[in-house]
Amino acid sequence: LQGAQEHHRQEQLACTQLQDTLGIGVAHRRIGEVLCELGNTEEALVHQQQHLNLAKEAGSLLEQQRAYATIGRTLLDRAIQQTTADDVSLDAAKENFLHSLQKCKELPVGSVEADELALMRCRLYLNLGLVADQKGDGSTAVVLITQSSTLGRQWSFHEDLYRCHFALGTIYWKQKKFGLALEEAKQTVTLSAKLSIFEKVESRKSVGRIYLIIGDLFEAKRSFTAAYKLAAANKGDV
């Protein structure tokens with residue numbers, strides 16, 4: 001990751017020498033992505049804000065959309081990682097996601113492929129739903145994440161659809177609606193067939209936990225056993 005960060009800094013320098021405003025902005029976005037992976041949220045946000053500023057300067061609606069979405073996701077992740085409620089970050093995340101959604105509407109027809117635009121909207125609705133969930137508004141979260149899952153299903157965004165059903169299952173679990181939580185968890189098992197071993201294991205563990213809480217020990221054991229066997233057979237990938 002350190003090597004990637006240095007590469008993007010060199011990219012930023014080259015774009016600066018070429019006076020490529022948008023290129024400099026994209027380099028800032030990429031540096032921010034690496035910093036997020038390294039856990040340096042505050043410095044990442046500085047670069048992501050630079051990306052947004054330069055995207056505005058260059059007049060690129062697409063890069064503005066990406067910048068708002070990226071800033072929102074970083075703020076949401078920061079709020080989730082806090083041990084106490086962080087409404088300031090959550091409110092700022094929501095504001096950025098809404099700005100990003102607005103930019104999706106402003107993009108000229110044909111400027112991005114239809115599936116790319118659908119994916120942008122799918123992820124924004126999911127993230128807005130996650131913000132609502134973090135703020136304790138489960139009803140709004142369900143509505144928003146259901147909008148996301150509808151797009152995911154229409155466009156076969158399997159990974160995003162998996163995340164939607166997993167998030168809905170978690171919300172229903174917290175609401176003690178275990179029947180609905182189980183339905184969502186079973187959906188993640190089905191979707192995991194096209195995803196990595198991590199999702200295959202986690203989805204089965206999720207089903208097992210719900211069966212355990214409702215007292216169906218036989219089905220709980222069967223789900224946990226399936227998860228264990230998958231994990232044991234793919235130790236390097238879990």
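For the reader, a short list of remarks on this structure follows.
- Long-range neighbours under 6 Å by Cβ, at least six apart or interchain, first residue on the phi < 0 side of the Ramachandran plot within region 29-40, second in a helix (DSSP H, G or I) and small (Gly, Ala, Ser): Gly32/Ala44; Val34/Ala4; Leu35/Ala44; Cys36/Ala44
- Considering each residue of region 127-141 in turn, none proves to be of a type in the set (Asp, Glu), part of a helix (DSSP H, G or I) and within 16 Å of Ala69 (Cβ to Cβ).
- Val112 out of contact with any Cys (no Cβ under 7 Å at 6 or more places or on another chain), in contact (Cβ under 8 Å) with a residue 24 or more places away in the chain, crowded, with 17+ Cβ neighbours inside 10 Å and more than 15 Å from Gln65 (Cα to Cα): no
- Residue that is of a type in the set (A, V, I, L, M, F, W, C), more than 30 Å from Cys104 (Cα to Cα), modelled with pLDDT of 95 or more and part of a helix (DSSP H, G or I), where the choices are Ala167, Ala232, Ala220: Ala220
- Helices (runs of 4 or more DSSP H) wholly inside region 1-68 containing at least 1 residues that are surrounded by fewer than 17 Cβ atoms within 10 Å (Cβ to Cβ) and at pLDDT below 85: 2-17
- Glu159, sole failed condition from (1) free of Cβ contacts under 8 Å to residues at least 24 places away in the same chain; (2) surrounded by fewer than 16 Cβ atoms within 10 Å (Cβ to Cβ); (3) in a helix (DSSP H, G or I): (1)
- Some residue of region 85-108 being β-branched (Val, Ile, Thr), surrounded by fewer than 13 Cβ atoms within 10 Å (Cβ to Cβ) and in a helix (DSSP H, G or I): yes
The values are calculated or read from the model by the stated rules, or taken from the named source; none is laboratory data. Just so it is clear, the structure is predicted and the values come from calculations on it, not from any experiment. When we count neighbours, we look across all protein chains shown, and the Cβ atoms used for this are built from the backbone with ideal geometry, even at glycine.
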